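Shown next, in structure tokens, is the structure this report addresses.
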Amino acid sequence: MAKELLKGNVAFAEAAVRNGLQAYFGYPITPQSEALEHLSGRMLELDRVFLQAESEVAAINMVYGAACSGVRVMTSTSGPGFSLMTEGLSYIAGSEIPAVVINMMRGGPGLGNIQPSQADYFLMVKTAGHGDFHPIVLAPSSVQEIIDMVGLAFELAEKYRTLVYIAGDGAIGQMMESAELPPMQEVRQERPAWATTGAQGREPNLINSLYLGAKALEEVNLRLQKKLAEIKAHEIRWQEYETEDADLLLVAYGTVGRICTSVMREARKQGLKVGLLRPQTLWPFPEERIHELAGQVRGMLVTEMSAGQMLEDVERSAAGKCPVKFYGRMGGVVPMVDEILAEVQKLDEEVSR
Amino acid sequence: MKHEETIFSGFGGQGALFAGQLLAYTGIAENLYVTWIPSYGPEMRGGTANCTVIVSEEEVGAPIISKPTAAIVLNLPSLEKYGPLVKPGGLLIVNESLVPARCERDDIRVIYIPASDIATEMGNPRMANMLLLGAFVQATGIVSLETVMSELEKHLSERQRKWLEPNKEALQKGAELAR
């Protein structure tokens, strides 16, 4: 396959199709509506399911139903829609079935606006719905990476029977970039053994998140926690740039992560030994590696399009071994290279004192 | 190293976004890294529209920039907004037909082209964007004009087919005016 110019929203939608997506349920919301537009044509053309629900509440419950039947299913939305979905997400988590949810974050709170943001970090990583659970949260920083992460999301969701979120933002959705789509994959015909596919000739499968007995529900929770520990042990992903000799470290994800590659290049031109760690999974979080680097560098700068949400995880990981500073923009404002560079210089001065 | 960070800006309908996309397609065809990102918001017809296109030999970090190396401005508000932001040593291309003002800077190269007037003479005022793109390609050399034309052929919709040759002529004319 050759590189083509692809818009983020169209790219992730087509990547899902090529990864054998069997059903999509969703409700349009900017800045990701191009995904629905693309899928509404493609899925029908391929005789698969595309359904524009009456709301995000309905959409996520349709995802829940389809996931129970063992098909590859996905939805996508942006902040306000994601908030509406949280009840259904918790049911999906409690039922331990695989599903993929993409959130192209926009400015909030409330209706906010449609510009890029990363202010749903807490929502997606910490409070993805009621009860004790964690989805796997993937954070792409380019059109190519969101394409690749759609494939990874389905793989992880099915491997662990878990929810996987992709935390994108309006910039990745609206941006066009050179990228390569995966080859078309056959749609999986067989359904998993646990799926509710009609019980004729076998014992019925029961998928449920209701356990009236406390002991029984604790058993479920213990099993869930064991699975989460396993995910934590195997699925942490991140990318490092020029950390070998770094004595200052930038930590950023998604769109801000790639902006920080430019910041790093500029800072290095000025003789500052700056490295970058870009988490690709927000849960599980690369805490051990950040802890290690906190022992190596003189200080860290976390940059986000939020008031400082991932910051808390970086601080927790650094555990006081080095100063952790923060720079953020909110409300749909994307931080510029020279702004972040000025913060890096400030950090350098502070830790040199 | 080949590297241009360019802002295309004008009123909605003037083709600023399409001119930017055509540059991006051309960059890919010439094996360069590209990003194209529009300003997007609750827009209306006649409102402003702009996009940032980065074409580079190295992988693109920040896709959104505060100071472009080049700006192509199709109307007055765009000149007022982006004229002062072009990096020293950079390039500013102005659609003189619709911009009744000059850029006072002497640290950048400024090219004035009465693009809307020439495009009207050539048959369609909406080809002003191609005149300006032609001038940009000539002035920067970031990609070749031939590739721009072959990419235009690939990405012009069926409905617009009849405008292919006139648009190629507009690209050519713009390039000549920037020599």
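The values are calculated or read from the model by the stated rules, or taken from the named source; none is laboratory data. These numbers were taken from a predicted model, which means no experiment stands behind them. Here the Cβ is made from the backbone with ideal geometry for all residues, glycine too, and neighbour counts use every protein chain on show. Protein only, heavy atoms only, side chains kept; ligands, DNA and RNA dropped before computing areas. Shrake-Rupley method; radii C 1.70, N 1.55, O 1.52, S 1.80 Å.
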Of A:339, A:244, A:240, A:292, the only residue that is part of a helix (DSSP H, G or I), away from chain B (no Cβ under 14 Å) and out of contact with any Asp or Glu (no Cβ under 9 Å at 6 or more places or on another chain) is A:292
In segment A:1-27, what count of residues is obtained for those that are in a strand (DSSP E or B), more than 14 Å from chain B (Cβ to nearest Cβ) and over 22 Å from residue A:118 (Cβ atoms)?
3
Grab the strands (runs of 3 or more DSSP E) fully contained in segment B:21-87, keeping just those with 1 or more residues being in contact with a His (Cβ under 9 Å, 6 or more places away or on another chain) and more than 10 Å from chain A (Cβ to nearest Cβ).
B:48-56
Residues of segment A:28-63 being touching a Gly at 6+ places or on another chain (Cβ under 8 Å), part of a helix (DSSP H, G or I) and within 14 Å of another protein chain (Cβ to nearest Cβ), which ones?
A:34
Does at least one position in segment A:219-226 carry a residue that is on the phi < 0 side of the Ramachandran plot, open to solvent by 40 Å² or more (accessible area, probe 1.4 Å), not assigned by TED's automatic domain parsing to the domain that holds residue A:73 and not small (Gly, Ala, Ser)?
no
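Yes/no matrix, rows are residues, columns are (1) buried (at least 24 other Cβ atoms within 10 Å of the Cβ); (2) more than 20 Å from residue A:158 (Cβ to Cβ); (3) not assigned by TED's automatic domain parsing to the domain that holds residue A:282:
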| site | (1), (2), (3) |
| --- | --- |
| A:48 | no, no, yes |
| A:68 | no, no, yes |
| A:95 | no, no, yes |
| A:100 | yes, no, yes |
| A:115 | no, yes, yes |
Answer yes or no as to whether residue A:106 is modelled with pLDDT of 95 or more, under 16 Å from the mean Cα position of the chain (by Cα), under 16 Å from residue A:166 (Cβ atoms) and open to solvent by 20 Å² or more (accessible area, probe 1.4 Å).
yes
In the list A:21, A:89, A:6, A:84, which residue meets the criterion of being of a type outside the set (Gly, Ala, Ser), open to solvent by 10 Å² or more (accessible area, probe 1.4 Å), touching a residue at least 12 places away in the same chain (Cβ under 8 Å) and closer than 29 Å to residue A:223 by Cβ?
A:84
For segment A:146-185, which residues satisfy the criterion of being in a helix (DSSP H, G or I) and within 12 Å of chain B (Cβ to nearest Cβ)?
A:170, A:171, A:172, A:173, A:174
For segment B:111-141, name all the residues that are in contact with a strand residue (DSSP E or B) (Cβ under 8 Å, 6 or more places away or on another chain) and either in a helix (DSSP H, G or I) or surrounded by fewer than 18 Cβ atoms within 10 Å (Cβ to Cβ) (or both).
B:112, B:115, B:116, B:128, B:129, B:131, B:132, B:133, B:135, B:136, B:139, B:140
Considering only segment B:146-178, state which residues are closer than 19 Å to residue B:4 by Cα and surrounded by fewer than 18 Cβ atoms within 10 Å (Cβ to Cβ).
B:146, B:147
Please go through segment A:209-237 and give me each residue that is basic (Lys, Arg), assigned to a helix (DSSP H, G or I) and either in contact (Cβ under 8 Å) with a residue 40 or more places away in the chain or closer than 20 Å to residue A:134 by Cβ (or both), ordered by number.
A:223, A:226, A:227, A:232
In this structure, is residue A:246 open to solvent by less than 80 Å² (accessible area, probe 1.4 Å), at pLDDT 95 or above and touching a helix residue (DSSP H, G or I) at 6+ places or on another chain (Cβ under 6 Å)?
no
Give B:48, B:26 a once-over and let me know the one that is polar (S, T, N, Q), in contact (Cβ under 8 Å) with a residue 24 or more places away in the chain and crowded, with 24+ Cβ neighbours inside 10 Å.
B:26
